[in-house]
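Enquirer: If you scroll down you'll find the structure; I have some questions about it.
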Amino acid sequence: MIQPFPSRLTKHLQSLVESGTDSIIHQYVPTTAENDSAPDDLSDPIGDDKHSPVAGIVHRYPDRVLLLPVKVCAAYCRFCFRRETVGQTPVDLTDDELNAAFHYIETHKEVWEVILSGGDPLILKPEKLGHILDRIESIDHVQVLRIHTRLPVQDPQRITDSLAAVLHRRKALYVVLHVNHADELTPETDAALDRLHKAGCVLLSQSVLLKGVNDDAKTLETLFRALVIRRIKPYYLHHPDKAQGTAHFRLPIAAGQKLMKVLRWKVSGLCQPTYVLDIPHGFGKVPIMPSYLRADHKIEDCSGEIHDYKDD
Ligand SMILES: *Cc1c(COP(=O)(O)O)cnc(C)c1O
Ligand code: SF4
């Protein structure tokens, strides 16, 4: 039995849906395909549970942890990989849980970077987010802060000056924007991104490769170029995770690699994210880029021609 995943849109997205923007409709409007469970669908597709030492912390890699302070988003993406936890109750970490999470980070000196994810951390009230960031920034061994968000494309007006002000930090703060199609980069979103840049945030993007939304070279090229001209560096292109009821969004890895090959030739290196797969059951993210190197002292160029290369 698949747990129902809430449906929620913001006014901003609603107006894009009403104007018939297919890429937004496919990402946000539920369909009956969600009721179908594929045999290899998983309820915890990337194995967060087994790497969660205390509530709200996922510590899978040595030098970085995820802190998940909130489990709601402004709108719910139908392909969400955390659909079993996001949008369900309980919603926020309690103060005690937050303190225990801070304590975990304080006592793990190997933690060089803290990544706020969720849910959408930017949905928190500026004072609360500021308090969390102050606490993390005050930990000496934490040198880098990162926030994963979709709010600038889901509800850009919520990136207010007072929210941007709490993102202005002494330590490096990276904001990774989840965006899957250039249609999401509206003038309102541009204004929100501008406020983030002015606050000194470094902007990167992550996108999910989604069947019927962005699984063709032209759409990806347009998206990555649109990001780079906005001073946002495409960071990851995620192969979709095997979350329950999302099989209709998935495509073979070979298809994604073919797209990456087309982009490698046609498009500036600045526009190239790393294509990654989060291995099911918590084994972590790995690059799944096409390989150009052949075993037998040969290398393939972007047009598919093979050349000699003696690797010594
Ligand atoms: C994706 C992820 C990170 C961040 O990985 P990067 O490769 O540094 O972007 C960190 N922790 C967990 C548990 C993750 O799933
Ligand atoms: S914004 Fe992220 S966490 Fe929220 S519903 Fe979309 S994919 Fe899931």
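The values are calculated or read from the model by the stated rules, or taken from the named source; none is laboratory data. Bear in mind the structure is a predicted one, so any value in this text is a computation, not a measurement. Cβ atoms come from the backbone with ideal geometry, glycine included; neighbour counts cover every protein chain shown.
Enquirer: Scan segment 130-152 for residues that are among the aliphatic types (A, V, I, L, M), under 15 Å from residue 166 (Cα atoms) and more than 22 Å from the chain's Cα centre (by Cα) and jot them down. Before the answer, list the steps.
Expert: As a first pass, look at segment 130-152 and keep what is among the aliphatic types (A, V, I, L, M): 132-133, 136, 139, 142, 144-145, 147, 151.
Within this subset, residues satisfying the condition of being under 15 Å from residue 166 (Cα atoms) are 132-133, 136, 145, 147.
Listed by number, the list is empty, since nothing qualifies.
Enquirer: Working only within segment 265-276, note down all residues that are away from ligand 2 (no atom under 16 Å from the Cβ) and surrounded by 15 or more Cβ atoms within 10 Å (Cβ to Cβ).
Expert: 267, 271, 272, 273, 274, 275
Enquirer: Then there is this: Which residue, of 212, 269, is within 28 Å of residue 38 (Cβ to Cβ), out of contact with any strand residue (DSSP E or B) (no Cβ under 9 Å at 6 or more places or on another chain) and modelled with pLDDT of 95 or more? Explain how you work it out, then say what you get.
Expert: Details: 269 fails: within 28 Å of residue 38 (Cβ to Cβ).
Being within 28 Å of residue 38 (Cβ to Cβ), out of contact with any strand residue (DSSP E or B) (no Cβ under 9 Å at 6 or more places or on another chain) and modelled with pLDDT of 95 or more holds for just one of 212, 269, which is 212.
Enquirer: For the list (1) more than 25 Å from residue 58 (Cβ to Cβ); (2) out of contact with any strand residue (DSSP E or B) (no Cβ under 8 Å at 6 or more places or on another chain); (3) crowded, with 17+ Cβ neighbours inside 10 Å, I need the number of the one condition that residue 193 fails.
Expert: (2)
Enquirer: Since residue 36 meets every condition but one in (1) more than 25 Å from residue 244 (Cα to Cα); (2) away from ligand 1 (no atom under 16 Å from the Cβ), which condition does it not meet?
Expert: (1)
Enquirer: Further, regarding this structure: From the set of residues in segment 60-71 that are more than 15 Å from the chain's Cα centre (by Cα) and part of a loop (DSSP other than H, G, I, E, B), which is nearest to ligand 2 (Cβ to nearest atom)?
Expert: This residue is 69.
Enquirer: Specify which of the listed residues (132, 147) is at pLDDT 95 or above and within 16 Å of ligand 2 (Cβ to nearest atom).
Expert: On the way: 132 fails: within 16 Å of ligand 2 (Cβ to nearest atom).
Answer to the selection: 147.
Enquirer: May I pose another question? Return the residues of segment 45-59 that are away from ligand 1 (no atom under 12 Å from the Cβ) and either in a strand (DSSP E or B) or of a type in the set (Val, Ile, Thr) (or both); say none if nothing qualifies.
Expert: Scanning segment 45-59 gives a single hit, 54.
Enquirer: Any residue in segment 106-125 that's within 16 Å of ligand 2 (Cβ to nearest atom): show its pairings with residues that are among the polar types (S, T, N, Q) at Cβ separation under 6 Å, as long as the two are six or more apart or on different chains.
Expert: 120/149; 122/149
Enquirer: Now for a separate question. Where the second residue is of a type in the set (Val, Ile, Thr) and surrounded by 12 or more Cβ atoms within 10 Å (Cβ to Cβ) and the first is at negative phi and in a loop (DSSP other than H, G, I, E, B) and lies in segment 29-44, which pairs have Cβ atoms under 6 Å and are six or more apart or on separate chains?
Expert: So the pair list comes out as 37/2.
Enquirer: Please work out which residue is nearest to ligand 1 (Cβ to nearest atom), limiting yourself to segment 131-145 and to residues that are touching a Leu at 6+ places or on another chain (Cβ under 7 Å) and free of Cβ contacts under 8 Å to residues at least 60 places away in the same chain.
Expert: 145
Enquirer: Within segment 33-77, how many residues turn out to be surrounded by 17 or more Cβ atoms within 10 Å (Cβ to Cβ), at pLDDT 90 or above and not hydroxyl-bearing (Ser, Thr, Tyr)?
Expert: 19
Enquirer: For segment 196-222, which positions are surrounded by fewer than 18 Cβ atoms within 10 Å (Cβ to Cβ) and within 18 Å of residue 155 (Cα to Cα)?
Expert: Listed by number, the list holds a single entry, 197.
Enquirer: Considering only segment 37-59, state which residues are more than 14 Å from ligand 2 (Cβ to nearest atom), of a type in the set (A, V, I, L, M) and touching a Phe, Trp or Tyr at 6+ places or on another chain (Cβ under 7 Å).
Expert: Within segment 37-59, 54, 57 meet the criteria.
Enquirer: Still on this structure, please answer the following. Please work out if residue 240 is under 20 Å from residue 277 (Cβ atoms) and either more than 16 Å from ligand 2 (Cβ to nearest atom) or modelled with pLDDT under 95 (or both).
Expert: Working: under 20 Å from residue 277 (Cβ atoms): yes; either more than 16 Å from ligand 2 (Cβ to nearest atom) or modelled with pLDDT under 95 (or both): no.
In short, no.
Enquirer: Counting residues that are under 28 Å from residue 223 (Cβ atoms), which helices (runs of 4 or more DSSP H) fully inside segment 126-185 reach at least 3?
Expert: Working: elements: 126-137, 151-154, 161-167.
Correct list: 151-154, 161-167.
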